[in-house]
Every structure is written in C-alpha cells, then in structure tokens.
Amino acid sequence: MTHAEPLPDAPLLSTRAVDVVRDGRYLLSGISLDVEAGQHWALLGANGAGKSTLLALLGAVSHPTHGEVHVLGRQLGRVDIRALRTHLGHVNPRHPLRSPLSVRDVVLTGLTNSIEPEPRRRPTPDQTAHAEHLLDLMGMAERTKDTWPTLSQGERGRVLIARALMPRPRLLLLDEPATGLDLTARELLLGSLDLLRRRHPQLATVLVTHHLEELPETTTHALLLRDGRTVASGPVHEVLTTELVSECFGHPISITRHEGRWTARAARRAPADL
Ligand SMILES: Nc1ncnc2c1ncn2[C@@H]1O[C@H](COP(=O)(O)OP(=O)(O)OP(=O)(O)O)[C@@H](O)[C@H]1O
C-alpha cells in the first residue's frame, strides 16, 4: 500500500462494473461512471436505490466488492486513500460540532478536517481570506462572526459546503443537501451552488437527491439508479426524461424543465384503478 498523489490527467472519478454486496445482497450491480472536471452529476433514485452506497465509494469511504473504483486516477484498494481524501470535499450533514465556534472558524476547520480547531494552529492571512471568499460564494458573508449554534439548518448546510471547499478539493460530494430546508433556504442553497460552479469551473460535483426540484440548474449529468442498477447515465437532457425517470422510480412521472430547473409530477392513478 502506497501513499498516493492524484494523477493530473486522469478522470476525477471512474468506476468500472462495480458491485457492492453486503450479507449476500447486491446493493449496487455493474455501476460504471466517469466524472470529469467541470461536470456536475446528480445521482437520482427512490429510497433504497443505492445512492448513498455509491456516494460512499466515490468518496473513498468504502470499497467495492467487485469491479474497480479510481479516484483521481488511483485505484481504491491499491493506495492509501487518506492522501486522496484531501482532494475530495465531502459534506457530512450531521456535522457533530457542539461548541459555539464562529462561522469563519468552522470553515477554517476544513483545512485540518477536524471538528474543533487544532490547538496552537493559527490560520494564515491567505487561508482566512479564502474562508471569507467561500462564505461569500455561499451567501454567508454577513454571518462570519456569528456562532454555529445560532445558525438555521439551511445556513449550517451552506457553511459546511464552504468548510468542505477549504482545502481546494477538485471534487465536491453532496448527499441530499436540500433535505429538510424550507423553500427559501433551498433556493438560497441551490443559487449558491450555481454561483460556486460558475466561479470555479474546474470543480466537479456529485449530488444525491430523490427530488428533481432540488437540482441546481448548472447540473450537467445524471445517473438514475433503481435497485442498485443503472437505469440511465449521461448528459441531463438525455437522462432526465419522462420515460427514464418513470422507469427509475417505477411509477409514471411527468418531467418538465423551466428556466433551467426541473419539476416532476407523479401521475395519479385513474379512479377505476383505485
Ligand atoms: N451496510 C449495509 N448492510 C446491508 N444493507 C445495507 C447496508 N447499507 C445500506 N444497505 C441497504 O442497501 C440499500 C441501499 O441503501 P442506500 O442508503 O445506498 O440507498 P439510498 O438510495 O441512498 O436510499 P435513501 O434515499 O433512502 O437514502 C438499502 O436497502 C439499505 O437498507
């Protein structure tokens, strides 16, 4: 096992014919996916489809049972993945911070990937400026001195994205970032993600959701999962169709796109079927 630096020209993420088997059950079967710089993927599927299981592989948190996962050109299982993880921004929505750290200090803990600031470690002026730049992108510039316990769930979510971006990762992984947010908080989050993607065009993201309404308009690609298998994968205009999304959720669903955003409506059963 060797420490690994990323290979500069490799796809950021690549999985080939990946299976994840737990207790004899296939949670993922035959998943192949390439994520390149500047791409913004949505992983969509019903509850239990395998989205979080796939995201854990992409974040080098778990290993496949069969097949290969390459992160930044390095194959999981062949290298020490701790070195690779510093290039991946992974947002944990259950961030276990309890103390009243300021928003700016929470973002700075992203440098050491620690919950509390490391003792005797002082951020450089460049690092503090970068934290403030990221908070500005996430719409939190006015809140840098506020303390963590005073933030709403939506505000915390945006601070945690800024924290994950602090080490300047090439890839950001987001597991249902809009869950539990009210409409305004959701729109602020999605607007911030759109701005981030436009300002940092080399960044790639992978975002898990069940809801098409929670996709930022800058989403470029989608992978639809059903029972651990790929229903469709590719550019959004080919994949987010009424036919394929209906197949993914096992129910007739009508998809529309308006001003860059998607809406899904489940068809009601006809009275005769009830
Ligand atoms: N460690 C495990 N051992 C056994 N089964 C597991 C394990 N982890 C997840 N599962 C099962 O694998 C399936 C896929 O889970 P996963 O969390 O990846 O789905 P998901 O698409 O993210 O679902 P949700 O939208 O509900 O979060 C589920 O049926 C889950 O119960």
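The values are calculated or read from the model by the stated rules, or taken from the named source; none is laboratory data. Bear in mind the structure is a predicted one, so any value in this text is a computation, not a measurement. Here Cβ is always computed from backbone atoms with ideal geometry, including for glycine, and neighbour counts include all displayed protein chains.
Working only within the range 88-117, note down all residues that are in contact with a Ser or Thr (Cβ under 9 Å, 6 or more places away or on another chain), of a type in the set (S, T, N, Q) and modelled with pLDDT of 90 or more.
Result: Ser102, single match.
Could you give every pair whose Cβ atoms fall below 7 Å, whose first residue belongs to the range 54-77 and is within 11 Å of Val18 (Cα to Cα), and whose second residue is assigned to a helix (DSSP H, G or I), counting only separations of at least 6 or pairs across chains?
From the range 54-77, the pairs are Pro64/Leu57; Val69/Leu57.
Can you find even one residue in the range 230-248 that is in contact (Cβ under 8 Å) with a residue 12 or more places away in the chain, over 30 Å from Val103 (Cβ atoms) and among the charged types (D, E, K, R)?
yes
Take Ser114 and decide whether it is closer than 23 Å to Leu160 by Cβ, among the polar types (S, T, N, Q) and in contact with a Phe, Trp or Tyr (Cβ under 8 Å, 6 or more places away or on another chain).
In short, no.
Is it the case that the range 93-108 has a residue that's of a type outside the set (Ser, Thr, Tyr) and within 16 Å of the ligand (Cβ to nearest atom)?
Scanning the range 93-108, I find at least one residue that is of a type outside the set (Ser, Thr, Tyr) and within 16 Å of the ligand (Cβ to nearest atom), so the answer is yes.
Would you be able to say whether some residue in the range 127-135 is surrounded by fewer than 12 Cβ atoms within 10 Å (Cβ to Cβ), over 19 Å from Thr86 (Cβ atoms) and out of contact with any Leu (no Cβ under 9 Å at 6 or more places or on another chain)?
Yes, there is a match, as at least one residue in the range 127-135 is surrounded by fewer than 12 Cβ atoms within 10 Å (Cβ to Cβ), over 19 Å from Thr86 (Cβ atoms) and out of contact with any Leu (no Cβ under 9 Å at 6 or more places or on another chain).
Within the range 44-58, how many residues are closer than 19 Å to Leu33 by Cα and of a type in the set (S, T, N, Q)?
Residues flagged as closer than 19 Å to Leu33 by Cα and of a type in the set (S, T, N, Q) within the range 44-58 amount to 2.
Identify all residues within the range 11-35 that are closer than 18 Å to Leu173 by Cα and either touching a residue at least 24 places away in the same chain (Cβ under 8 Å) or within 13 Å of the ligand (Cβ to nearest atom) (or both); write none if there are none.
Pro11, Leu12, Leu13, Ser14, Thr15, Ile31, Ser32, Leu33, Val35, listed by residue number.
Return a yes/no flag: does the range 196-206 have any residue that is in contact (Cβ under 8 Å) with a residue 24 or more places away in the chain and either within 16 Å of the ligand (Cβ to nearest atom) or under 23 Å from Ser29 (Cα atoms) (or both).
yes
Here is a check on your reading of the model: is Ala267 touching a Gly at 6+ places or on another chain (Cβ under 7 Å) and modelled with pLDDT under 95?
no
Is it fair to say Ala232 is crowded, with 18+ Cβ neighbours inside 10 Å, hydrophobic (A, V, I, L, M, F, W, C) and more than 20 Å from Gly38 (Cα to Cα)?
Judged against the criteria, Ala232 is a match.
Restricting attention to the range 62-86, which residues are polar (S, T, N, Q) and within 16 Å of the ligand (Cβ to nearest atom)?
If the condition is that a residue be polar (S, T, N, Q) and within 16 Å of the ligand (Cβ to nearest atom), then Ser62, Thr65 are the ones that fit.
Just to be sure before I move on: is Gly48 farther than 18 Å from Ser233 by Cβ, within 16 Å of the ligand (Cβ to nearest atom) and in the same structural domain as Thr205 (by TED's automatic domain parsing) in the structure I sent?
yes
Does Val236 satisfy the criteria of being aliphatic (A, V, I, L, M), at pLDDT 95 or above and away from the ligand (no atom under 16 Å from the Cβ)?
For Val236, the condition - aliphatic (A, V, I, L, M), at pLDDT 95 or above and away from the ligand (no atom under 16 Å from the Cβ) - is met.
Within the range 217-260, considering only strands (runs of 3 or more DSSP E) that don't extend past its boundaries, which have at least 3 residues that are more than 20 Å from Tyr26 (Cα to Cα)?
Filter on the range 217-260 gives 253-258.
Would you call Gly59 within 13 Å of the ligand (Cβ to nearest atom), within 16 Å of the chain's Cα centre (by Cα) and at positive phi?
The answer is no for Gly59.
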